[in-house]
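Note sheet for the following structure.
The values are calculated or read from the model by the stated rules, or taken from the named source; none is laboratory data. Keep in mind the model is a prediction, meaning the values are calculated, not measured. In this analysis, Cβ positions are derived from the backbone assuming ideal geometry, glycine residues included, and neighbour counts consider all displayed protein chains. Each accessible area value is taken on the protein alone, full model and side chains, heavy atoms only, with ligands, DNA and RNA left out. Shrake-Rupley method; radii C 1.70, N 1.55, O 1.52, S 1.80 Å.
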Amino acid sequence: KDTKNVEITEKAAPRRRLRILTLGGSVTWGAGLNHRASAYPYRLEIDHHHSVTNLAIRATGSEYPAQCISSMLRLQEGNGSNYNPDEPFDVITFDFSLNGMQDFPLLVRRLRERYPDALFIYVNLFSLSTPRGAFKSKNARALIHEQGGVVYHFGSIGPATADFNYHEELDRKNPPAKVRKLFGKDKHHASSRGHKVISSKLMEIIDSHDFPPDPQVGSWLGGDVCISWFQTGKTPLQIIEGGEMKEWDEEKHKFGIEVDQEDGMIIEYNHDGTQEAIMSLQYMTKSTVPNDPYSSMYPPVLILTKQNIQGILDSKTDAKTNMTGLVRTSVVEVEHEPDEDWVYLRGLQEKVHVRRFHISAVSSIGTVKPGVNFIYIFPVEKRSYPFRLTATMVCQACSEISWSSEDAW
């Protein structure tokens with residue numbers, strides 16, 4: 001049929017440049033690639049011309065962004081980033097199947113409150129090298145569907161929204177070549193080809209969705225104040241004694257404040273809020289034998305928070321002589337909790353099957369009061385590595401919505 005002289009009276013409106021937020025672990029960060037620009041968040045920007053803010057953090061599950069998302073975004077302001085706090089995100093992607101989904105409902109709730117019109121997409125990744133392949137993501141996927149979102153299963157060769165169960169449909173020990181090529185040499189992180197597939201599948205989903213021309217911006221529900229030095233080695237915290245900032249992984253540029261294994265460490269934290277607030281710490285974990293808590297490379301610790309430095313110094317002796325009343329039958333089992341104000345951290349992941357991975361954990365250590373607070377961390381035992389602290393976290397929004405560790409998955 002000759003269409004040369006047919007007059008076209010109507011054209012499809014061009015898609016506006018969308019604002020996309022990507023959250024996740026090392027795959028979304030771009031680990032294992034020769035060039036991070038090959039990772040799917042950057043492909044969405046370079047190849048498809050959308051505005052992308054990538055806040056993925058290596059070796060980190062959903063706990064940190066759940067409690068610290070507003071702080072993470074605040075750091076992007078005026079930092080050469082595309083992020084503008086007055087412009088809401090149109091699309092938010094999540095990748096936490098490899099590093100853990102604890103507090104994921106909190107993250108989703110806070111982001112939905114802030115960005116009521118955003119399309120949520122869960123990128124369901126898996127690994128060829130780990131025993132289970134990934135965390136069970138059934139609840140996370142269901143939650144995204146409840147929010148009107150979409151799930152993309154990495155490894156599926158069908159449509160972007162097709163169901164795919166790698167346990168049932170794939171032999172991960174001997175995957176077909178087309179699947180093996182989606183992974184890098186370590187069989188864990190996505191290859192450049194894998195990232196290209198992810199970005200194209202995400203675009204399939206995005207292009208099939210209608211976005212409102214004027215999306216709304218909601219509330220952060222009180223916000224949060226978090227300080228992480230895991231990727232930068234920089235922190236405004238003052239180390240009073242017994243701690244040192246170190247780049248403990250020089251190849252991957254990972255940093256932590258290492259706690260003296262003999263005397264512990266005292267840090268000063270200034271809480272500029274007007275009310276007492278719950279504080280959590282992020283720290284590294286790894287066990288060589290998942291079922292054996294004594295194989296942890298990091299020590300369990302006792303933690304005390306006070307506004308009086310002299311009170312901290314006086315308590316150091318109590319920690320060394322009788323462990324502040326703590327009585328344990330093992331690293332995990334506690335017969336008698338420590339004295340009031342002290343908190344015992346086991347230095348382990350709660351889920352046994354992930355203890356073999358070198359990833360971060362988050363634990364609450366009580367509350368901080370307005371003004372200057374002093375935090376004392378005392379190792380109960382010596383281990384191969386000193387206790388490595390990577391972030392402090394104060395989540396006002398958690399108090400606003402009455403979120404507690406009991407709500408976490």
Might you check whether a residue that is over 19 Å from I365 (Cα atoms), touching a strand residue (DSSP E or B) at 6+ places or on another chain (Cβ under 6 Å) and either among the hydroxyl-bearing types (S, T, Y) or not in a helix (DSSP H, G or I) (or both) occurs anywhere in region 258-270? yes
How many of the residues in region 191-243 are within 30 Å of K178 (Cβ to Cβ) and not hydrophobic (A, V, I, L, M, F, W, C)? 13
Look through L348, L389 and report the one residue that is assigned to a loop (DSSP other than H, G, I, E, B) and either within 30 Å of R132 (Cα to Cα) or without any contact (Cβ under 8 Å) to a residue 40 or more places away in the chain (or both). L348
Restricting to region 131-145, and then to whatever is in contact (Cβ under 8 Å) with a residue 40 or more places away in the chain and open to solvent by 20 Å² or more (accessible area, probe 1.4 Å), can you tell me which residue is nearest to E350 (Cα to Cα)? F135
Only one of these is open to solvent by 70 Å² or more (accessible area, probe 1.4 Å), over 18 Å from G25 (Cα atoms) and charged (D, E, K, R): K187, K201, K181, K196. Name it. K181
Name the pairs whose Cβ atoms lie under 7 Å apart, with the first residue in region 170-194 and farther than 21 Å from F96 by Cα, the second at pLDDT 95 or above and assigned to a loop (DSSP other than H, G, I, E, B), and 6 or more positions between them or separate chains? P175/L128; K181/S191
Would region 104-118 turn up any residue that is open to solvent by 10 Å² or more (accessible area, probe 1.4 Å), closer than 22 Å to S228 by Cα and not in a helix (DSSP H, G or I)? no
Please work out which residue is farthest from M393 (Cα to Cα), limiting yourself to region 320-345 and to residues that are assigned to a loop (DSSP other than H, G, I, E, B) and open to solvent by 80 Å² or more (accessible area, probe 1.4 Å). T329
So, of the residues in region 354-403 that are among the basic types (K, R) and more than 17 Å from the chain's Cα centre (by Cα), which turns out to be modelled with the lowest pLDDT? R356
Please enumerate the residues belonging to region 166-184 that are over 26 Å from the mean Cα position of the chain (by Cα) and not in a loop (DSSP other than H, G, I, E, B). E168, E169, A177, K178, V179, R180
Go through (1) in contact (Cβ under 8 Å) with a residue 24 or more places away in the chain; (2) surrounded by 15 or more Cβ atoms within 10 Å (Cβ to Cβ); (3) within 21 Å of the chain's Cα centre (by Cα) for K252 and report which single condition fails. (2)
Determine whether region 129-139 contains at least one residue that is modelled with pLDDT of 95 or more and either more than 21 Å from the chain's Cα centre (by Cα) or within 23 Å of V52 (Cα to Cα) (or both). no
Report, by residue number, each residue of region 274-322 that is among the charged types (D, E, K, R) and at pLDDT 95 or above. K286, D292, K306
Note on A37: of the conditions (1) over 18 Å from the mean Cα position of the chain (by Cα); (2) under 30 Å from S363 (Cβ atoms), unmet is (2)
